[in-house]
1. For segment 8-25, indicate whether the set of residues that are surrounded by fewer than 16 Cβ atoms within 10 Å (Cβ to Cβ), of a type outside the set (A, V, I, L, M), farther than 23 Å from Ile113 by Cα and modelled with pLDDT of 95 or more is non-empty.
2. Scanning for something surrounded by fewer than 20 Cβ atoms within 10 Å (Cβ to Cβ) and on the phi > 0 side of the Ramachandran plot, does segment 70-79 turn up at least one residue?
3. Do you know which of the residues in segment 187-205 that are among the polar types (S, T, N, Q) and modelled with pLDDT of 80 or more is nearest to Asp71 (Cα to Cα)?
4. Only one of (1) more than 28 Å from Ile202 (Cα to Cα); (2) out of contact with any helix residue (DSSP H, G or I) (no Cβ under 8 Å at 6 or more places or on another chain) is not met by Tyr92, so which one is it?
5. Looking at segment 31-42, is at least one residue among the acidic types (Asp, Glu) and assigned to a helix (DSSP H, G or I)?
6. Looking only at residues that are of a type in the set (A, V, I, L, M) and touching a residue at least 60 places away in the same chain (Cβ under 8 Å) in segment 183-209, which one is surrounded by the fewest Cβ atoms within 10 Å (Cβ to Cβ)?
7. Taking into account only those residues within segment 15-51 that are within 15 Å of the chain's Cα centre (by Cα) and basic (Lys, Arg), which is farthest from Glu133 (Cα to Cα)?
8. Among the numbered criteria (1) surrounded by fewer than 17 Cβ atoms within 10 Å (Cβ to Cβ); (2) at pLDDT 95 or above; (3) of a type outside the set (A, V, I, L, M), which single criterion is violated by Lys116?
Amino acid sequence: MKLDLVTIESSPIADILRRPAATVEFPLSAEIKALIAAMKLKLIEIEGAGLAAPQVGYHVRVIVYHVTPLDLEIRNDVEALVPMTVLINPSYMPLEAEGKVADWEGCFSVESIRGKPSRYKAIAYQGYTPSGEKVEGIARGHLARLLQHEIDHIRGILFIDVLTPNCIQGSAAEMMAIRHQELEEKAKAKNDSTALQQLKEIEERRRKK
């Protein structure tokens, strides 16, 4: 199964990004199983953090995500690495008492804008594994942001909807220049520029695809 990314700027089916996705029934159909396998491969191919089914043209409530060693280096709030994970019919509730925090986000479905939306620092989430087992947990920091971003996708919400006028935001090029500067300062403090170089290499590969 070949998957193509859907973008709001240029995809003929961009409206799929704005509609709440359909609930997935168990046991999983052969098509959904194939979709999950293809989404995992696509996420590895694009070297991203997460992917929701509407982003690849499927109107169903499926997300895949992981937290990698690179995230540990370029993010300030990674609590633990997370292997490639699939959640079906996921949802979340914010733990509002823990507040919100702004941090960098981009999106494969929004090519033109990046920024620092404010999101909940912690959430309670739930969903189902491909075998139908219910999963529940508390996510904090980067994982909480990642899950909010991906679960919002299946609700028809994009990260640009979370950006407010007072958020840092702008073109992808402008925002990446600021992001690189931040990481350069962090690299100098640690005397290690490996993570920044890895990020730049990933961005260069994405531009060539």
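The values are calculated or read from the model by the stated rules, or taken from the named source; none is laboratory data. Just so it is clear, the model here is predicted, and its values are computed rather than measured. Counting neighbours? That spans all protein chains shown, and the Cβs are built from the backbone with ideal geometry, glycine included.
1. Yes, segment 8-25 has at least one match.
2. no
3. Gln198
4. Here Tyr92 meets the rest and fails (2).
5. yes
6. Ile202
7. Top of the filtered list is Lys42.
8. (1)
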